[in-house]
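Have a look at the structure below before the remarks.
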Amino acid sequence: MNSAILLACAVFDYAIRDTVLMLMLLFLPFIDRNWSFRLYPQYPSRNYLNLGLVTFIVLLCLIKPQAIKLLPGILLLTAVPEEWFFRVYYMQRLEFLSNNKFRANLITSGMFALLHLPTQGMFGLTVMVPALFMGWLYQKNRDFILLVLVHACFNLVFLLFIKEALEHKYFIF
């Protein structure tokens, strides 16, 4: 039901759509009485991976200083709400209901890609591949911080390098 509400709000174009969607991503899980957030144990080896991702983000900021301006928005307005809703809540809920991790990841990633269509057009479907990877990563580790950092890295690399290359027509499509 929550996914239907979210999709309906994403389809229409209105002045505060992005704000409404972000708030829904953050708070819809708390309305679901059949869901509970479980913290999984943190393993020391994962801290090294998280530190490596933070180091990568810092290097990106040193290479491309405009990343410093992009980073707060990427973390707070995209990575945290999207990963919280799609992986921590929605995919986990589908896993419980269907008892099938692969199907849960596929459906969640498909919905994630569909929600990018209104703002990015057909190009929004390209987020399906990273979404499948992040779904798999969350299923393996259950580490929300790791997921947010990976999402931020994907978005920064896209905005700083890939989008710039596409805008300058370095690639022929």
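None of the figures in this text is laboratory data; all of them are computed from the coordinates on show. What you see is a predicted model; the values in this text were computed from it and never measured. Positions of Cβ are backbone-derived with ideal geometry, glycine not excepted, and every protein chain shown enters the neighbour counts.
With the Cα gyration tensor of region 43-110 giving a ≥ b ≥ c as the square roots of its eigenvalues, does the rule (a/c under 1.5 for rounded; else a/b larger than b/c for prolate; else oblate) give rounded, prolate or oblate? Prolate is the answer for region 43-110, as a/c is 1.5 or above and a/b outweighs b/c. Annotation: the residues Tyr90, Tyr48, sorted from fewest to most other C-beta atoms within 10 Å of their own C-beta, follow the order Tyr48, Tyr90. Neighbours of Arg87 by Cβ distance under 11 Å: Lys/Arg scored +1, Asp/Glu scored -1, total -2.
Taken along the Cα-to-beta-carbon direction at a fixed 7 Å, the label points for Leu51 and Ile68 span 2.5 nm. Taking the fewest neighbouring Cβ atoms within 10 Å as the starting point, the ordered list for Met128, Met122, Met134 is Met122, Met128, Met134.
Taking the number of Cβ atoms within 10 Å of each Cβ as an exposure proxy, the fewest-first ranking of Val80, Val148 is Val80, Val148. For region 2-167, a simple Cβ point-charge model (Lys and Arg +1, Asp and Glu -1, everything else neutral) yields a dipole of about 440 debye relative to the Cα centre.
Taking a ≥ b ≥ c as the square roots of the eigenvalues of the Cα gyration tensor, the chain is oblate, since a/c reaches 1.5 or more and a/b is not larger than b/c.
Spatial offset of region 122-150 relative to region 20-80 amounts to 11 Å, using the alpha carbon center of each.
Legend: calculated FRET efficiency, Thr119 to His168, from the Cβ-Cβ distance at R0 = 30 Å, rounded to 0.05, equals 0.90.
Across the chain, the relative contact order, built from alpha-carbon pairs under 8 Å that are at least six residues apart, equals 26 percent. Of Leu117, Leu97, Leu146, the residue with the greatest mean-square motion in the GNM of the chain, using alpha carbon springs below 10 Å, is Leu97.
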